[in-house]
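This report refers to the structure that appears directly beneath it.
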Amino acid sequence: MISLWGQRLYRQFSLMLANQPKLSYYLQPLLRWNNAELHPDYYSARIVDSGWETEQILSVWLEPEPSWTGFTPGQHLLVTLLHQGRYISRSFSISSSSGLFAQQKQIRISCRIQPQGQFTKALAADIAKLTHLSISAATGDFVLAPQTDGAPQQSIVMVAAGSGITPLWSMLNSLRCWTSPVVLFYCVKNAAQAAFLTELRLLAAKQPLFELQLIETASTGRLNLVQQLKENTKVSLTNALYYLCGPAAMSRQYKDDLIQQGVPSDAVHAELFGLELAATQGAVKQALLIEQGKVTTIEAAAGVPLLQAAEQQGLSPRFGCRIGVCYQCVCQKKSGQVLNLRTGQISGDGPEQIQLCISAAHSDLQIEL
């Protein structure tokens with residue numbers, strides 16, 4: 001005789017067989033029964049340890065399941081947890097070295113806990129009782145470019161602002177063969193907010209090719225990158241590779257400054273944290289949002305992400321990273337034009353997929369969520 005639990009599981013399987021797009025979804029009831037924290041789209045990662053780097057930055061050490069294929073220093077991944085009955089996600093750069101994963105099969109993510117951030121607040125509140133997180137494959141091309149054998153070795157200049165240090169520290173901590181000077185400008189309000197500062201200072205003490213410049217903006221003001229480079233005798237301003245990680249406005253400004261000095265644009269690599277929103281000028285547009293046959297009209301101001309506009313008017317579209325990385329908010333635009341807030345490009349007027357978190361209305365829109 002089939003148990004009551006077996007009957008319920010069989011019924012759930014039967015209901016799903018006709019409409020689930022992935023085989024892993026058929027097993028979701030069993031996975032949720034065994035471990036509700038797991039998400040069928042991602043890899044399971046056991047939480048090994050956690051600790052605070054600063055008052056605001058929490059590090060979590062993870063041991064991904066054996067099928068997770070690893071990462072290149074500088075890459076990021078999407079982290080998902082179950083919170084109040086639903087999955088929420090956020091994109092984080094990996095902050096550990098490739099050696100840690102090779103030797104111990106572990107990685108570390110370091111998260112700045114934002115007062116307004118749903119995911120980071122939930123992670124910090126629940127970390128003591130969580131046993132696993134779900135993670136995506138590592139992705140992203142913000143990695144150290146290999147230098148060609150026989151070619152003159154280029155200096156490397158890194159600029160980190162706040163939690164932008166995470167992918168850069170992964171790169172630095174993974175370097176095993178130092179062949180050219182590396183300068184890191186680490187911009188924080190004060191030293192107490194600088195994650196990995198002790199490790200960075202130890203690296204600078206033992207590695208003559210590495211130079212650490214801590215910029216405490218509360219006392220010295222904003223970094224003038226070009227001026228600092230002109231004063232640095234170890235670095236050729238126009239013959240270096242640049243890696244910028246921080247707020248979008250900062251990274252774009254430094255890139256523009258470097259290009260004006262003759263630095264080739266392909267020598268400047270940037271990882272943007274957040275969006276540099278366009279000026280909210282122009283007429284407010286109407287967006288018709290269609291969800292399961294229900295049509296909702298929202299007012300969409302120029303330069304405001306459609307995700308934010310929908311939330312301000314009481315809707316709850318699906319989202320993840322909110323910076324255009326994870327693609328969880330992708331939906332189908334049926335008509336109208338949108339402005340991509342990351343690239344500045346304006347879409348066509350016809351049907352196409354868009355990301356709500358980085359798209360702003362350029363005309364009246366019709367969108368299927």
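Assorted remarks:
- Multiplying each eigenvalue of the alpha-carbon gyration tensor of the stretch 78-151 by 5 and taking the square root yields semi-axes of 30, 14, 11 Å, largest first, rounded to whole angstroms.
- For the stretch 281-354 versus the stretch 47-82, the inter-centroid distance based on Cα atoms is 30 Å.
- Heavy-atom accessible surface of residue 233, to the nearest 10 Å², is about 140 Å², with a 1.4 Å probe and all protein chains retained.
- The stretch 106-238 - Rg over Rh from alpha carbon coordinates, Kirkwood radius: 1.01
- Cα-only Debye scattering, the stretch 290-369: base-10 log of I(q)/I(0) at q = 0.12, 0.15, 0.22 Å⁻¹: -0.27, -0.44, -1.01
- When the C-alpha to C-alpha distance is required to be over 21 Å, the pairs from 129/189; 285/334; 230/255; 105/206; 294/333; 121/294 that qualify are 129/189; 105/206; 121/294.
- Descending semi-axes in Å of the stretch 299-343, equivalent ellipsoid built from Cα gyration tensor: 15, 14, 11
- Estimated vicinal HN-Hα couplings, Hz - the stretch 163-179 in sequence order (Karplus 6.51, -1.76, 1.60; Gly, Pro = x): 6, x, 6, 4, x, 5, 5, 4, 4, 4, 6, 9, 5, 10, 10, 8, 10
- Amide H within-cut-off set for residue 269, under 5 Å, with H built and near neighbours excluded: 242, 243, 244
- Our Cα-only numbers for the stretch 164-236 put the radius of gyration and Dmax at 12.5, 35 Å.
- From phi via Karplus (6.51, -1.76, 1.60), per-residue ³J(HN,Hα) for the stretch 137-145 in Hz, x at Gly/Pro: 5, 5, 8, x, 10, 7, 9, 5, 6
- Kirkwood hydrodynamic radius of the stretch 222-369, from inverse mean 1/r over distinct Cα pairs, in Å: 17.0 Å
The values are calculated or read from the model by the stated rules, or taken from the named source; none is laboratory data. All values reported here derive from a predicted model rather than from experimental measurement. Surface areas here come from the heavy atoms of the whole protein model, side chains and all, with no ligands, DNA or RNA. Shrake-Rupley method; radii C 1.70, N 1.55, O 1.52, S 1.80 Å.
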